[in-house]
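The values are calculated or read from the model by the stated rules, or taken from the named source; none is laboratory data. Since the model is a prediction, treat every value here as computed from it, not as a measurement. A quick note on method: Cβ atoms are made from the backbone with ideal geometry, for glycine too, and the neighbour counts reach across all protein chains shown. Surface accessibility is based on the protein's heavy atoms, side chains included, excluding ligands, DNA and RNA. Shrake-Rupley method; radii C 1.70, N 1.55, O 1.52, S 1.80 Å.
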Amino acid sequence: MALSEQFLEDDIHPIDIVEHLAEHHEWDFDRIADDQIAMAVEGQWRTYSLTLAWSGYDETLRMVCTFEMEPPAEKLGALYELLNLVNDQCWAGAFTYWEEQKLMVYRYGLVLSGGQMASPDQIDTMIGAAVTSAERYYPALQLLVWGDRTPKDAIQVAIAEAYGRA
């Protein structure tokens, strides 16, 4: 059964859909408020913290996917240069570094203006894209911060996507 088949009603809150997806995937989650949920999604490299929040003001489902990162101060300039290269390859969402919180962040906002509804498949794809992007660029970030690679050298590890099966 498709994820969307379980939601046949018209007025379903987007965070209710996210909660259902978290249960479906067996992710740890906490419904922080009616309009906000936090969850942990296990990746290959690490566990990612995702928070999704509904903003009725601008009718946007906002998502942040974070993981801790504490680069040395002398690496911040190169890190920001690498993030520019990474964001040139990201068409939906973008990475930023929150220095004060020591968090690498992937952000995305799904605009649902005019009373539009997000489908479960749409939200599942949004979450999947965040984790996939974090997984894809994590090695490049590590190579830059701890492997003494330049931004252009570090991004090379993430440029080629694997095709086929081993």
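For a distance above 11 Å, tell me the whole-number percent of Cα pairs in segment 11-59 that qualify.
Numbers: 785 of 1176 pairs.
The proportion of pairs with Cα distances above 11 Å equals 67 percent.
With +1 on the Cβ of every Lys and Arg and -1 on the Cβ of every Asp and Glu, and nothing else charged, how large is the dipole of the chain about its Cα centre, in debye rounded to the nearest 20?
860
Can you run phi through the Karplus equation (6.51, -1.76, 1.60; θ = phi - 60°) for segment 106-113 and list ³J(HN,Hα) in whole Hz, with x for Gly and Pro?
10, 10, 8, x, 9, 7, 10, 5
Which residue, ALA158, HIS24, GLY109, has the largest displacement toward the positive end of the dipole of the chain when charges sit on each Cβ (Lys, Arg +1; Asp, Glu -1)?
Final value for the positive-end residue is ALA158.
Around ASP88, what is the net charge, scoring Lys/Arg as +1 and Asp/Glu as -1 over all other residues with Cβ under 15 Å from its Cβ?
Working: positive: ARG136, LYS152; negative: GLU81.
With Lys, Arg at +1 and Asp, Glu at -1, the net is +1.
Among (1) 56, 20, 14; (2) 31, 17, 14; (3) 22, 17, 16, which one is semi-axes √(5λ) of the Cα gyration tensor in Å computed from these coordinates?
Entry (2).
Please give, to one decimal in nm, the separation of the simple spin-label points placed at MET117 and GLU23, each 7 Å out from Cα toward the Cβ.
With each label point 7 Å from Cα toward Cβ, the separation is 1.7 nm.
Using a simple charge model, +1 on the beta-carbon of Lys and Arg, -1 on the beta-carbon of Asp and Glu, nothing else, what dipole does segment 59-105 show about its Cα centre, in debye to the nearest 20? All intermediate terms of the calculation are to be shown ahead of the outcome.
Numbers: 3 positive and 8 negative charges, 22 e Å.
Once rounded to the nearest 20, the dipole reads 100 debye.
Heavy atoms only, probe 1.4 angstrom, no DNA, RNA or ligands counted: give me LYS102, LYS75 ranked by accessible area, highest first.
LYS102, LYS75
Where does each of GLU70, GLU99, GLU19, GLU26 land when they are ordered by accessible area, with a 1.4 Å probe and the largest first? Walk me through the numbers before you get to the answer.
Working: GLU70 115, GLU99 90, GLU19 50, GLU26 160 Å².
The residues order as GLU26, GLU70, GLU99, GLU19, largest area first.
How do VAL157, VAL131 rank by accessible surface area computed with a 1.4 Å probe, from largest to smallest?
VAL157, VAL131
Can you list the equivalent-ellipsoid semi-axes of segment 116-162, largest first and in whole Å, using the square root of 5 times each Cα gyration tensor eigenvalue?
Equivalent ellipsoid semi-axes, largest first: 30, 10, 7 Å.
For segment 1-149, what is the relative contact order in percent, using Cα pairs closer than 8 Å and at least 6 residues apart in sequence?
Dividing the mean separation by the residue count of segment 1-149 yields 23 percent.
Which far-off residues, 5 or more places away or on another chain, put their amide H under 5 Å from the one on MET69, with H placed in the peptide plane?
The answer is LEU103, MET104.
Please give the solvent-accessible surface of SER133 in Å², to the nearest 10, using a probe radius of 1.4 Å with every protein chain present.
Here the accessible area works out near 20 Å².
Would you tell me the accessible area of TRP146, worked out with a 1.4 angstrom probe on the heavy atoms of the protein chains, in Å² to the nearest 10?
150
Using the C-alpha atoms of segment 40-99, what convex hull volume per residue, in cubic angstrom, is computed?
Values: hull volume 7.1 nm³, N = 60.
For segment 40-99, the hull spanned by Cα atoms encloses 118 Å³ per residue.
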